[in-house]
Amino acid sequence: MSTSTSFRGLDLLATAVVLLGQKLHVKYVNPAAEALFAVGRKSATDHPFPSLFSDPGPLAGLLDQAIREERGFSIQDLILAPTGQEALHLNCIVTPVDLPQAALLLELWPIDQRLRILREEQRMAQHRANRELVRNLAHEIKNPLGGLRGSAQLLDRELDRPSLREYTQVIIKEADRLQALMDRLLTPHRPPNRVSMNIHEVCERVRSLILAEFPEGIRIERDYDAGLPDFRGDPEQLIQAVLNIARNAAQAILGMRTPSAAPAGGEIVLRTRVARQVAQARRAPRLALELLVIDNGPGVPAEIRDKIFYPLVSGRQGGTGLGLTLAQTYVQQHQGVIECDSQAGRTCFRIVLPLAER
């Protein structure tokens, strides 16, 4: 009798279970493990378990030690990257077993959701603190700015020489520009004007605006889930949020272009999916929609990856650093979450918005 047929009871477990032989070859994986590692049972069986991952880290050595000493162990926050996939954060328990074909039993379960909730709580707290800091700073700047502009206007009226009045006009225009920036920082964020809408209306509007603004060098691919239901949201706020993300992507792609680069090489993908059992901070799991904005640009600079949603943080020269802050505000006002995962050649912004339970 084969190992796989001997342990059919493990097929019903939600926890990923893997049985390994003396040489760390896979003898059995249950369906949860197949789904977790995106590998079929037939293709995994009799292959070394560490070979399933591009970087198994210290796991192989620990498994060998467990077999030699016949002693189990557990690992918290084990990072494994299945070949061709993103890294997984896992908890793992290894138990020696005395079976004809198997020597170790591995139980693994992802902790990405718990980490995501903790990161979300931290981001929200930091976002509130930053908004309060920036608003206070903007108030302090506005007062002397008004006096500066008024004085420049009075001086402008007293000057007879046009060459000198050019300088006062520069002062007035720059004061107006700073005033507009302060107003954007201080504008109270109105609550969403919710109507019944579909996320694909947002995607199509953003797509048309980006193609009009960047007629060359950018290709936008649609990957929509046609079964997504309508939900109640503010179309204008969500269009602005997604547009800010897509515009940043287009500017990053075109900013890395060289004269020899292919003009059609830039790509932005708008992908929608249903996300089930989404757990958000302080809220029970629920049904949600997931919108991914993926680009093949140079990626977010490493030094600001953890701060891209902070006000006035920009990776582009001349950027205001307000676009992603505003996008985050609008998404959070819809009880949603926005995240970013970025490396050179692939940046993915993930927006999750709750759907009404049916």
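The values are calculated or read from the model by the stated rules, or taken from the named source; none is laboratory data. Computed from a prediction, not measured in an experiment: that's the story for all the values here. Note that we place each Cβ from the backbone using ideal geometry, even for glycine, and neighbour counts take in every protein chain shown. Remember, those area values only see protein heavy atoms, side chains included, never the ligands or the DNA or RNA. Shrake-Rupley method; radii C 1.70, N 1.55, O 1.52, S 1.80 Å.
Quick check: anything in segment 225-241 of a type outside the set (Gly, Ala, Ser) and within 12 Å of Val293 (Cα to Cα)? Walk me through how you get there before you give the answer.
Of segment 225-241, the ones of a type outside the set (Gly, Ala, Ser) are 225, 228-232, 234-240.
Remaining after also requiring within 12 Å of Val293 (Cα to Cα): none.
Among the residues of segment 225-241, not one is of a type outside the set (Gly, Ala, Ser) and within 12 Å of Val293 (Cα to Cα), which makes the answer no.
Pick from segment 212-238 the residues that are of a type in the set (Gly, Ala, Ser) and not in a loop (DSSP other than H, G, I, E, B): which of them is farthest from Arg271 (Cα to Cα)?
Narrowing segment 212-238 to residues of a type in the set (Gly, Ala, Ser): 212, 217, 226-227, 233.
Filter once more, so that each one left must be not in a loop (DSSP other than H, G, I, E, B): 212, 233.
Numbers: Ala212: 20, Gly233: 19 Å.
Ranking the qualifying residues of segment 212-238, first place goes to Ala212.
Before we move on, is Ile93 hydrophobic (A, V, I, L, M, F, W, C), at pLDDT 80 or above and touching an Asp or Glu at 6+ places or on another chain (Cβ under 7 Å)? Walk me through it before giving the result.
Numbers: hydrophobic (A, V, I, L, M, F, W, C): yes; at pLDDT 80 or above: yes; touching an Asp or Glu at 6+ places or on another chain (Cβ under 7 Å): yes.
The answer is yes for Ile93.
So for segment 159-169 (the condition being among the polar types (S, T, N, Q) and either in contact with a Pro (Cβ under 6 Å, 6 or more places away or on another chain) or surrounded by 17 or more Cβ atoms within 10 Å (Cβ to Cβ) (or both)), does at least one residue qualify?
Yes, that holds for at least one residue.
When segment 27-47 is examined, which residues are found to be out of contact with any Asp or Glu (no Cβ under 7 Å at 6 or more places or on another chain), open to solvent by less than 50 Å² (accessible area, probe 1.4 Å) and not in a helix (DSSP H, G or I)?
Tyr28, Val29, Val39, Thr45
Assuming Gln65 fulfils every condition listed in (1) modelled with pLDDT of 90 or more; (2) surrounded by 14 or more Cβ atoms within 10 Å (Cβ to Cβ) apart from one, which condition is it?
So the condition that Gln65 fails would be (2).
Anything in segment 198-232 that is hydrophobic (A, V, I, L, M, F, W, C), within 23 Å of the chain's Cα centre (by Cα) and open to solvent by less than 30 Å² (accessible area, probe 1.4 Å)? List them, or say none.
Ile199, Val202, Cys203, Val206, Ile210, Ile218, Ile220, Leu228, Phe231
Identify, please: which residue in segment 264-288 is closer than 27 Å to Gly217 by Cα, small (Gly, Ala, Ser) and at pLDDT 75 or above and is, among those, least open to solvent (accessible area, probe 1.4 Å)?
Checking each candidate, the answer is Gly266.
Yes/no matrix, rows are residues, columns are (1) at pLDDT below 85; (2) closer than 20 Å to Glu86 by Cβ; (3) not in a strand (DSSP E or B):
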residue	(1), (2), (3)
Pro298	no, yes, yes
Gln317	yes, no, yes
Ile338	no, yes, no
Glu357	yes, no, yes
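If a residue has to be open to solvent by 50 Å² or more (accessible area, probe 1.4 Å) and either under 30 Å from the mean Cα position of the chain (by Cα) or closer than 20 Å to Gln101 by Cβ (or both) to count, how many in segment 49-62 make the cut? Outline the logic, then answer.
If we filter segment 49-62 for residues that are open to solvent by 50 Å² or more (accessible area, probe 1.4 Å), which is where we start, we get 51, 54-55, 58, 62.
If we keep only those that are either under 30 Å from the mean Cα position of the chain (by Cα) or closer than 20 Å to Gln101 by Cβ (or both) as well, we get 51, 54-55, 58.
Here the count works out to 4.
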